[in-house]
Amino acid sequence: MQQALRVPLSDVDVIDSTDVIGHAEAFRHARKPGVSPQPARPEARGLPLAIRDLHKSFGDNEVLRGIDLDIPVGQFVAIVGQSGCGKSTLLRLIAGLDKPTSGSISFGEAAARPEDIRVMFQEPRLLPWARVLANVEVGLGRERKSAGAHERARHALEEVGLAEKRDQWPAVLSGGQKQRVALARALVSGPRLLAFDEPLGALDALTRIAMQRLLERVWADQTFTAILVTHDVAEAVALADRVLVIEDGRIAEDITVGLPRPRQRGSAELAALEGSILGQLLGPGTAG
Ligand SMILES: Nc1ncnc2c1ncn2[C@@H]1O[C@H](COP(=O)(O)OP(=O)(O)O)[C@@H](O)[C@H]1O
Ligand SMILES: [Mg+2]
């Protein structure tokens, strides 16, 4: 499965990805009690996901050509791949926003309810005429008018550190704050699977790192299953239990990131793993 990709790195010896993954696995087995990751979290309230021989075409354009994938409850999975390879298409199918051409997607024994699955996009998509709290309440869907709606929205805003902004208009918020409101709106219904489509792609580097930490924290607290599409491989290896590389409409690589959390950004292990995945994305001999 895993090719040996030689990647020159400034602060570590030249290594190949099989070494790194072996190393990461060793980390996982040696982890201290109470320290994540736990790729399968049976106690989590996330949804499991099973995808079988999934195909999606738009006219003659066959975008997904046989995706098979099992994601256990509560796992954090990142999906990377070149622009146009079908990442957003796959997320839309998982979220039920589009229909497969063939194949199946299922979520364990019980049928998933609409509020169980939420998607967060790169654009925050806030309603400009509604205040922050009301924007979060939108995420409650049918339950928006229920007695506890305000309280739940307030709680979700607290979770993303924006309680004091609840009476503001979206227009006065920074880009990072708008994305936090979008995250609160996604969290407010208590989803069991959260799909993120490049949610941090438009943010500056520091805001992005702060948001990555926030995503990791809410995922750890709330134990939903997370699927993060990102073009940032460093982000993928920093956050995910597992990184999938999509190529030619299929899953070309399925890499376990066994490093303990919280992960040390800039560490040699993360850099090496990032380098090997970039090598896969860019083709042999082009990374570095
Ligand atoms: N609704 C659509 N109608 C026609 N073609 C589409 C549609 N959505 C996506 N595509 C095509 O499917 C391919 C994959 O798109 P997408 O999933 O958005 O890629 P990614 O998110 O990996 O950049 C592209 O060639 C795109 O043009
Ligand atoms: Mg996309």
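Data for the structure
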item: Odd one out for LEU93, checked against (1) away from ligand 1 (no atom under 13 Å from the Cβ); (2) hydrophobic (A, V, I, L, M, F, W, C); (3) in contact (Cβ under 8 Å) with a residue 12 or more places away in the chain; result: (1)
item: Flag for VAL229 being touching a helix residue (DSSP H, G or I) at 6+ places or on another chain (Cβ under 9 Å), closer than 21 Å to ILE67 by Cβ and not aromatic (Phe, Trp, Tyr); result: yes
item: Count of segment 189-207 residues which are away from ligand 2 (no atom under 16 Å from the Cβ), crowded, with 19+ Cβ neighbours inside 10 Å and among the aliphatic types (A, V, I, L, M); result: 3
item: Selected residue (criterion: farthest from ligand 1 (Cβ to nearest atom)) from residues of segment 208-237 that are surrounded by 17 or more Cβ atoms within 10 Å (Cβ to Cβ) and charged (D, E, K, R); result: GLU216
item: Only one of ALA186, ALA156, ALA210, ALA226 that is more than 18 Å from PHE121 (Cβ to Cβ) and more than 16 Å from ligand 2 (Cβ to nearest atom); result: ALA210
item: Flag if GLN179 is surrounded by 15 or more Cβ atoms within 10 Å (Cβ to Cβ), away from ligand 2 (no atom under 16 Å from the Cβ), under 15 Å from VAL218 (Cβ atoms) and in contact (Cβ under 8 Å) with a residue 24 or more places away in the chain; result: yes
item: Scope segment 238-250; condition away from ligand 2 (no atom under 16 Å from the Cβ) and in contact (Cβ under 8 Å) with a residue 60 or more places away in the chain; matching residues; result: LEU239, ALA240, ASP241, ARG242, VAL243, ASP248, ARG250
item: Residue within segment 68-80 that is crowded, with 17+ Cβ neighbours inside 10 Å and within 13 Å of ligand 2 (Cβ to nearest atom) present; result: yes
item: Selection within segment 238-251 - touching a helix residue (DSSP H, G or I) at 6+ places or on another chain (Cβ under 7 Å) and either at pLDDT below 95 or not β-branched (Val, Ile, Thr) (or both); result: ALA238, LEU239
item: Set GLU151, GLU123, GLU143, GLU109: member being surrounded by fewer than 16 Cβ atoms within 10 Å (Cβ to Cβ) and closer than 27 Å to ASP68 by Cβ; result: GLU109
item: Residues within segment 188-246 that are of a type in the set (S, T, N, Q) and in a helix (DSSP H, G or I), tallied; result: 3
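The values are calculated or read from the model by the stated rules, or taken from the named source; none is laboratory data. Keep in mind the model is a prediction, meaning the values are calculated, not measured. Glycine gets a Cβ as well: all are built from the backbone with ideal geometry, and neighbour counts include every protein chain shown.
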